[in-house]
Amino acid sequence: MPVVRGKNIEPLYTASQINERNHQLAAEIAKGPSRDLLVIAVLKGSFVFAADLIRALHDVGLAPEVEFITLSSYGAGTVSQGVRIVKDIDSDVHGRDVLLIDDILESGRTLKFAKELLYERGASNVSLAVLLDKKVKRQEQLEADYVGFECPDYFVVGYGMDVAYAFRELPFVGVVTGDATDA
Ligand code: IMP
Ligand code: MG
């Protein structure tokens, strides 16, 4: 089992499984609305997935523009939970087909906020692509159009995703299972 920062990380989805799935997702995305496609990656967690998925999109003949938005949840665990824009996109989305890319769809609050924001700004279509879907955690009525893997309710790290800013560099998605005793 890989050991990083003195912790055992049990792989849940390997680099090759993710790579294969990304190419399948790209083929599905190419069948949807993709005229003058604008990809928007939701930072920070999606940056590795987005980097791989846009290159898989190229392989299936798409030529998207790429933007980034940084969103942050506030009030977690309190009654008034919300999402705010930390750093906005620069492009005008009016009349565009947009593909929002995120790492995990969990409660759905983040992507519901982002999707509504883009429709309010005049996007003609907004689709959602997520690497992982944790359905049991859903609080909002929202489904992704493209899902890499249905994920069990574990806290996962790697492939862009962190716990306390660590483990984003792992080339696979894994679960921290404990301290490595013989590291
Ligand atoms: P939600 O759908 O608004 O609840 O937001 C899901 C976001 O929470 C994801 O985009 C991640 O940034 C973060 N998140 C949820 N579960 C995990 C996890 O297992 N590992 C790392 N980040 C997570
Ligand atoms: Mg996120």
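The values are calculated or read from the model by the stated rules, or taken from the named source; none is laboratory data. From a predicted model like this one, the values you see are computed outputs, not experimental measurements. Note: ideal-geometry Cβ built from the backbone for every residue, glycine included; neighbour counts use all protein chains shown.
For segment 117-125, state whether one or more residues are within 13 Å of ligand 1 (Cβ to nearest atom) and in contact with a Pro (Cβ under 9 Å, 6 or more places away or on another chain).
At the first step, the residues of segment 117-125 found to be within 13 Å of ligand 1 (Cβ to nearest atom) are none.
Looking through segment 117-125, none of the residues is within 13 Å of ligand 1 (Cβ to nearest atom) and in contact with a Pro (Cβ under 9 Å, 6 or more places away or on another chain).
Please determine whether any residue of segment 61-71 is buried (at least 19 other Cβ atoms within 10 Å of the Cβ), part of a strand (DSSP E or B), more than 15 Å from ligand 2 (Cβ to nearest atom) and modelled with pLDDT of 95 or more.
Scanning segment 61-71, I find no residue that is buried (at least 19 other Cβ atoms within 10 Å of the Cβ), part of a strand (DSSP E or B), more than 15 Å from ligand 2 (Cβ to nearest atom) and modelled with pLDDT of 95 or more, so the answer is no.
Within segment 96-116, track down each residue that is within 12 Å of ligand 1 (Cβ to nearest atom) and either in a helix (DSSP H, G or I) or polar (S, T, N, Q) (or both). I'd like the intermediate steps shown before the answer.
Of all residues in segment 96-116, those within 12 Å of ligand 1 (Cβ to nearest atom) come to 100-115.
Correct list: Ser107, Arg109, Thr110, Leu111, Lys112, Phe113, Ala114, Lys115.
Please work out which one of (1) modelled with pLDDT of 95 or more; (2) aliphatic (A, V, I, L, M); (3) exposed (fewer than 15 other Cβ atoms within 10 Å of the Cβ); (4) within 13 Å of ligand 2 (Cβ to nearest atom) is the condition Val156 fails and give its number.
All conditions are met except number (3).
Restricting attention to segment 1-53, which residues are among the small types (Gly, Ala, Ser) and in a loop (DSSP other than H, G, I, E, B)?
Step one: filter segment 1-53 for residues among the small types (Gly, Ala, Ser), giving 6, 15-16, 26-27, 30, 32, 34, 41, 45-46, 50-51.
Answer for segment 1-53, where residues must be among the small types (Gly, Ala, Ser) and in a loop (DSSP other than H, G, I, E, B): Gly6, Gly32, Ser34, Gly45, Ser46.
Test Val93 against the criterion of being within 15 Å of ligand 1 (Cβ to nearest atom) and outside any strand (DSSP E or B), and give yes or no. Give the steps one after another, and end with the answer.
Values: within 15 Å of ligand 1 (Cβ to nearest atom): no; outside any strand (DSSP E or B): yes.
No: the conditions fail for Val93.
Hey, Arg55 hits all of (1) without any contact (Cβ under 8 Å) to a residue 24 or more places away in the chain; (2) out of contact with any Lys or Arg (no Cβ under 9 Å at 6 or more places or on another chain); (3) within 16 Å of ligand 1 (Cβ to nearest atom) but one; which does it fall short on?
Evaluating Arg55 over (1) without any contact (Cβ under 8 Å) to a residue 24 or more places away in the chain; (2) out of contact with any Lys or Arg (no Cβ under 9 Å at 6 or more places or on another chain); (3) within 16 Å of ligand 1 (Cβ to nearest atom) leaves (3) as the failure.
What are the residue pairs meeting all of these: first residue in segment 21-43, first residue away from ligand 2 (no atom under 16 Å from the Cβ), second residue β-branched (Val, Ile, Thr) and assigned to a strand (DSSP E or B), Cβ atoms under 7 Å, and 6 or more apart or on different chains?
From segment 21-43, the pairs are Leu38/Val98.
Of (1) within 17 Å of Val156 (Cβ to Cβ); (2) buried (at least 19 other Cβ atoms within 10 Å of the Cβ), Glu10 satisfies all except one. Which?
(2)
For segment 125-151: of the residues being touching a residue at least 40 places away in the same chain (Cβ under 8 Å) and part of a loop (DSSP other than H, G, I, E, B), which is surrounded by the most Cβ atoms within 10 Å (Cβ to Cβ)?
Ranking the candidates gives Cys151 first.
With respect to Arg168, determine if the residue is away from ligand 2 (no atom under 14 Å from the Cβ), among the charged types (D, E, K, R) and surrounded by 13 or more Cβ atoms within 10 Å (Cβ to Cβ). Give the steps one after another, and end with the answer.
Numbers: away from ligand 2 (no atom under 14 Å from the Cβ): no; among the charged types (D, E, K, R): yes; surrounded by 13 or more Cβ atoms within 10 Å (Cβ to Cβ): yes.
No; evaluated as a whole, the condition is false for this residue.
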